[in-house]
1. In segment 661-673, how many are part of a helix (DSSP H, G or I) and free of Cβ contacts under 8 Å to residues at least 40 places away in the same chain?
2. Residue under question is GLY50, and the condition is that it be part of a loop (DSSP other than H, G, I, E, B), in contact (Cβ under 8 Å) with a residue 12 or more places away in the chain and small (Gly, Ala, Ser); does it hold?
3. Identify, please: which residue in segment 379-428 is among the charged types (D, E, K, R) and over 23 Å from ASP369 (Cα atoms) and is, among those, surrounded by the fewest Cβ atoms within 10 Å (Cβ to Cβ)?
4. Please go through segment 252-273 and pick out each residue that is more than 14 Å from the chain's Cα centre (by Cα) and within 15 Å of the ligand (Cβ to nearest atom).
5. Tell me, which residue of segment 27-54 that is within 16 Å of the ligand (Cβ to nearest atom), over 15 Å from LEU177 (Cα atoms) and surrounded by 15 or more Cβ atoms within 10 Å (Cβ to Cβ) is farthest from the chain's Cα centre (by Cα)?
6. Filter segment 221-241 down to the residues that are of a type in the set (Asp, Glu) and either open to solvent by less than 80 Å² (accessible area, probe 1.4 Å) or not in a loop (DSSP other than H, G, I, E, B) (or both) and list them by number.
7. How many of the residues making up segment 63-76 are modelled with pLDDT of 95 or more and part of a loop (DSSP other than H, G, I, E, B)?
8. If you check GLY679 against the conditions, is it over 20 Å from LYS489 (Cα atoms), outside any helix (DSSP H, G or I) and at pLDDT 95 or above?
Amino acid sequence: MRRDGNVAIITIDNPPVNALKHAVRKGIQDNVIAARDDASVEAIVLTGAGRTFVAGADITEFGKPPQSPSLIDVIATLDDVKKPTIAAVHGTPLGGGLELTMGCHFRVAAAGTRLGLPEIKLGLIPGAGGTQRLPRLIGIEKAMPMILSGEPIPAKQALADGLIDEIIEGDLVSGALAFARKVLAEKRALTRVKDRDDKLKDIRANPAKFDAIVADNSKKTRGLHAPAAAIEAIKMTLDTPIDEAQKKERDAFMKLLVGDQSKAQRHIFFAEREANKVPGVGKDTAPREIKRAGVIGAGTMGGGIAMNFVNVGIPVTIIETSDEALKKGMATIEKNYQMSVQRGSLKPEDLTKRMALFTPSTDLGALKDADIVIEAVFENMPVKKELFGKLDKIAKPGAVLATNTSYLDVDEIAQSTTRVKDVVGMHFFSPANVMKLLEIVRGKDTAPDVLQTAMTVGRTIKKVPVVVGVCFGFVGNRMLSARSIEGEKLLLEGALPQDVDGALTEFGFPMGPFAMGDLAGLDVGWRSRKERGVRNEIADTLAEAGRYGQKTGKGFYLYEGRAAKPDPEVEKLIVDASVRMGVKRRAVSKEEIIERLIYPMVNEGARILEEGIALRPGDIDVIWLYGYGFPAWRGGPMHWADTVGLKKIRDRLRELAKETGDKRHEPAALLNKLADEGGTFAGFAAAKAA
Ligand code: T1G
């Protein structure tokens, strides 16, 4: 704390994000009391040093014995200060940080500040008054979407909504001091947020409006506990005195805190940040400068990849083999942007600006100035090697050469150039302009600064980059094929597509494997299997019958528009296949379907860790969350396996291996070891990190 005349300035300084650990809470409490009781202090400014005001409670303290004062105590102390208190915020005041500001009479923010209550993303609800105070400041209609989405709002909107009182241009603390003196000079009323109800009057008179707001805001909450708890808490603003309501809010918060869902989502929070830490690629490894990108291929993947760069203002040279293919590719890109304009998520003038950043060409030579080139051509090794050979002669020295291959050997592709150090895999997921995951495939010769560049580019284009090693299918697709093989076997043994998909969507996936196959197109997998000389009896029989999925109106399902309906023809085809394959059909339970689909994935995940293809179990979890829709509230396959128990999974796999003779089910050595020791993947990760 320091003084500026009659104003006390309390500065929180706990890098990197001023998290509210115990010492910080105590420090605020002690200084607020000191300033409160000092008659020469006429106003108090609370602010934060470093890159942001308080970004929330200290998540690393969760689950540990509570230490006093709690955040609620600190806010209650602020509530009772009878002189103006002003929170001066910048960066990302989030969660408990925003709740702290709502203990003050006024809030001012630096331009560019983003304010929010993201607790829902951690499977929690605001636990220090946020569900009661935010509606009092901005009304329930504005507060509900903020709390249920967890998304922050910009300062301009916060000012318009009444969350903050002023935006400070220039130095924040000087602006806050000027604001404090204005309040003193104008003898402004010191209304505590907890006493505000002007924004609640209307809805208290028409409580039915509450349900309408809930209906508007509670989509995509299937299986989640926190959204319902948040709605219940916000509802108390209609009729429950705030002190009582805050107690109930806290109880609901504590109940979620000890629940599996929040533990899983907190695991993912830290796993995502751990994934940025790659051995041999330190903070001192500078990325190469990327001012212009090149993309080879303007098909579904190439077009989506190129859009990512243009969306963040990086110009792209996009190459196709013919004018016709180029025109088709560019038309698809423009159509995608027009859909965004129609949805209102893109301004028409921005569409024009983005399209202007593309340089379409059929001349590979046009890539000579690109700082990074990403190849997204047909998934065929000879084609890729020939292309990288040509690229090697065209690309400028220091250009990063990346392949978007989904399965193939990045080292072998690199060998077709004279600059193996500059070659890396950048595996995007379809639709590439939407899916957040980016598997960065580290070749045996890939230079550390090339890896750093690929990761930095990944974050710049708003992806979640995860570094993996070279093997067939890398991490995600390798585990996916373990699941797909089981899916096919379950159909032969007695399940139907809707049974398997139903079990996985109930488990929390947005879509099951067979509906996903129909969306991606059954012909894609069929052609690639034919090339590799392998066969999926049922999927290939469907494709041979011209049933490619949604694009032909029938696949595993019959499609009326986008609605999938079970098709008796498919059931007959599956039963015939069982007879043909000599498999006696039987009833298959949901529990068995989940075990058969996910246990082999976990087993493959353990092998992937043994081989060092993935650095950490958490990396695998992040890959499955952002690439394959694994439910966040289950924390990813490896975290989920720990909640089930590795011994249970190992023992079931052993049984399966015995029953089926399928070697793939033989438990991985790491799984065996952890199961025998009563260990967990989390424990394995901690031991490795130590
Ligand atoms: N607690 C502990 N550590 C945190 C943290 C937090 N709240 N936030 C960030 N870190 C660490 C992070 O692990 C990383 O560590 C480093 O800070 C930089 O973070 C009662 C109970 C603020 C937008 O959910 O969203 O308040 O890896 O890499 O990209 O109602 O961090 O370097 O060792 O993410 O610039 C609510 C969480 C908590 C916000 C900055 N708050 N944080 O992003 O940096 S619940 C949140 C973020 C709560 C109350 C409840 C982001 C950020 P390391 P970073 P960034």
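1. First, the residues of segment 661-673 that are part of a helix (DSSP H, G or I): 663-665, 669-673.
From what is left, the residues that are free of Cβ contacts under 8 Å to residues at least 40 places away in the same chain are 663, 672-673.
Final tally of qualifying residues: 3.
2. Working: part of a loop (DSSP other than H, G, I, E, B): yes; in contact (Cβ under 8 Å) with a residue 12 or more places away in the chain: yes; small (Gly, Ala, Ser): yes.
Yes; evaluated as a whole, the condition is true for this residue.
3. Taking segment 379-428 as the starting set, the residues that turn out to be among the charged types (D, E, K, R) are 379, 384-386, 390, 392-393, 396, 409, 411-412, 419, 421-422.
Next, from what is left, pick out any that are over 23 Å from ASP369 (Cα atoms): 379, 409, 411-412.
Numbers: GLU379: 17, ASP409: 18, ASP411: 17, GLU412: 14.
Out of the qualifying residues, it is GLU412.
4. First pass over segment 252-273, keeping only residues more than 14 Å from the chain's Cα centre (by Cα): 252-263.
Answer for segment 252-273, where residues must be more than 14 Å from the chain's Cα centre (by Cα) and within 15 Å of the ligand (Cβ to nearest atom): ALA252, PHE253, MET254, LYS255, LEU256, LEU257, VAL258, GLY259, GLN261, SER262, LYS263.
5. GLN29
6. Initial filter on segment 221-241 (of a type in the set (Asp, Glu)): 232, 239.
Residue satisfying the conditions is GLU232 alone.
7. First pass over segment 63-76, keeping only residues modelled with pLDDT of 95 or more: 67-76.
Retained after the next criterion (residues that are part of a loop (DSSP other than H, G, I, E, B)): 67-70.
The total comes to 4.
8. Details: over 20 Å from LYS489 (Cα atoms): yes; outside any helix (DSSP H, G or I): yes; at pLDDT 95 or above: yes.
Yes.
The values are calculated or read from the model by the stated rules, or taken from the named source; none is laboratory data. Just so it is clear, the model here is predicted, and its values are computed rather than measured. Virtual Cβ from ideal backbone geometry, glycine too; neighbours counted across all protein chains shown. Remember, those area values only see protein heavy atoms, side chains included, never the ligands or the DNA or RNA. Shrake-Rupley method; radii C 1.70, N 1.55, O 1.52, S 1.80 Å.
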